[in-house]
Amino acid sequence: MSLLELHKIQTTKSSWQDFVEYSIQTPFYTETKAKTQSLVEAIQLTLFHDYLSTFSDEEKSEFLASPDSFLASADKFVNILEGVRYSQEGYNRKERSLFLGMLKSLLREHKSDENGERKDLERYHFYRCIIRFCSDRDYIFRVYEKYKSYLSQGSGV
């Protein structure tokens, strides 16, 4: 394992941790958690909202109006991790192993303590949903549909 590979994985883990902490503090998440009364749905909608916030207002409008445009973007997003998931060109086995280990450790750190008691279910579900977002275009599309429905109900944020 090279220092570069280790640094890449540590940077990803740190970025995901920062992203989760940021997302938990957003007014959108607070509102969505209260309105939906579902932790997982609030997390899904928040992650999608945060994802959309990386685009211009014009792009957001286009994505919300055109499922085909959104799916093209989602394909590109999911393919970002292609090098550590299955890829026709193959993948770096060491990097894949480190990445999968990082995912498992993030989930373990927040799911239960040494007695099997749940520690931090909120963060656990955030990481679980991020993992799904990064690997499953159909999942992203289902959340896209939920998000559009949620907005049609009059989100105040």
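Values as computed for the structure displayed
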| quantity | calculated |
| --- | --- |
| Count of segment 18-27 residues which are in a helix (DSSP H, G or I) and open to solvent by 30 Å² or more (accessible area, probe 1.4 Å) | 5 |
| Count of segment 119-151 residues which are under 26 Å from Lys76 (Cβ atoms), free of Cβ contacts under 8 Å to residues at least 40 places away in the same chain and surrounded by fewer than 16 Cβ atoms within 10 Å (Cβ to Cβ) | 4 |
| Helices (runs of 4 or more DSSP H) (entirely within segment 64-157) containing at least 1 residues that are at pLDDT below 65 and over 23 Å from Ser53 (Cα atoms) | 93-111 |
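So that you can scan it fast, the table gives a plain yes or no per residue for (1) part of a helix (DSSP H, G or I); (2) open to solvent by 10 Å² or more (accessible area, probe 1.4 Å); (3) more than 13 Å from Ile130 (Cα to Cα); (4) in contact (Cβ under 8 Å) with a residue 60 or more places away in the chain:
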| site | (1), (2), (3), (4) |
| --- | --- |
| Trp16 | yes, yes, no, yes |
| Tyr29 | yes, no, yes, no |
| Thr32 | yes, no, yes, yes |
| Leu47 | yes, no, no, yes |
| Phe55 | no, yes, yes, no |
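The values are calculated or read from the model by the stated rules, or taken from the named source; none is laboratory data. Bear in mind the structure is a predicted one, so any value in this text is a computation, not a measurement. Glycine also receives a Cβ, built like all others from the backbone with ideal geometry; neighbour counts cover every protein chain displayed. We work out accessible area using only protein heavy atoms, side chains counted, and drop any ligands, DNA or RNA first. Shrake-Rupley method; radii C 1.70, N 1.55, O 1.52, S 1.80 Å.
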